[in-house]
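Below is one structure, written out as structure tokens; comments come after it.
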Amino acid sequence: MGDWPHRAAVPGGIIEIVVGDITRLAVDAVVNAANRTLLGGGGVDGAIHRAAGPELLAECRTLGGCETGEAKITRGYRLPSAHVIHTVGPVWRGGAEGEATLLAACYGNALALADAHGLARIAFPAISTGVYGFPPEEAAPVAVGTVLARLPDISIERVVFCCFSAGSAVLHREALETLTR
Ligand code: ADP
């Protein structure tokens, strides 16, 4: 399929950039760009809940929500992936309100949780770049940079950036090339 997937060996593992629907991926955990209630929403959150089935919402109801930048894990139910790691991205408010730090925390805390559960393969959507309004060209280097920094120290072997458009995938590939040059 043209330029995708794009694969690169980096210190500590493999980074893969794909274009597609994260609910179709079979990995150990898919990351959900959730909201603080963890009770479902639109975008990738809605797609994950629809594909996983009502048991996912039932488990999420037991979690008591999630703060921005934090992450919580559930089972994946009817998804091809065994687990869902729910994280809450920052809403973009112009960039001077700690948005980049909070976005990096989403990626870092999701990776740490996956590592704590001994998982090897994890897939991320482009957190905060939909309804939450984070500029995609600023989000991609934060996402890729955080993964590159953490990968050498954790159990994760493969990180998939599951982009919903080719434009988003290009931004992740450019960030990867810039940060590994
Ligand atoms: P947020 O509220 O964090 O911005 P959104 O779900 O609105 O979350 O968007 C986050 C990103 O997920 C956007 O780039 C959007 O295009 C993408 N997206 C939406 N549905 C899917 C899906 N099924 N698989 C992968 N990415 C998706």
Checklist outcome for this item: Dipole check, the chain, charges on Cβ (K,R +1; D,E -1), about Cα centroid: among Ile73, Pro136, Thr87 the Cα furthest to the positive pole belongs to Ile73
Item to check | Least to most buried among Ile14, Ile122, Ile73 (fewest other Cβ within 10 Å first) | outcome: Ile14, Ile73, Ile122
Checklist outcome for this item: What the Cα atoms of the stretch 1-103 span along the principal axes, largest first and in whole Å, is 40, 39, 25
Item to check | Within a Gaussian network of the chain (alpha carbon springs, distance under 10 Å), most fluctuating of Pro141, Pro152, Pro90 | outcome: Pro152
Checklist entry - Anyone know which of Leu63, Leu103, Leu171 comes out most mobile in the 10 Å Cα GNM of the chain? => result Leu63
Item to check | CD proxy at 222 nm, helix term only [per DSSP H run n ≥ 4: -39500 (n - 2.57); per residue of the chain; nearest 500] | outcome: -11500 deg cm²/dmol
Item to check | Antiparallel DSSP beta bridges within the chain, as percent of all bridges there, nearest 5 | outcome: 35
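Does the chain come out rounded, prolate or oblate, given a ≥ b ≥ c as the square roots of the eigenvalues of its C-alpha gyration tensor, rounded meaning a/c under 1.5 and, failing that, prolate meaning a/b above b/c?
Numbers: a/c = 1.44, a/b = 1.23, b/c = 1.16.
Rounded, since a/c falls under 1.5.
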Checklist entry - Taking the Cβ-Cβ separation of Arg24 and Leu57 as r and a Förster radius of 25 Å, what is the calculated FRET efficiency to the nearest 0.05? => result 0.80
Item to check | Pairwise centroid distance, computed over Cα atoms, of the stretch 151-181 with the stretch 82-113, Å | outcome: 16
Next on the checklist: Given axes a ≥ b ≥ c from the Cα gyration tensor, I'd like to know whether the stretch 115-181 is rounded (a/c under 1.5), prolate (a/b larger than b/c) or oblate.
Outcome noted: prolate
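Bear in mind that the values in this text are calculations on the coordinates, not laboratory data. Remember, it's a predicted structure, so these values are computed and weren't measured experimentally. Quick reminder, even Gly has a Cβ in these numbers, built from the backbone with ideal geometry, and neighbours come from all protein chains shown.
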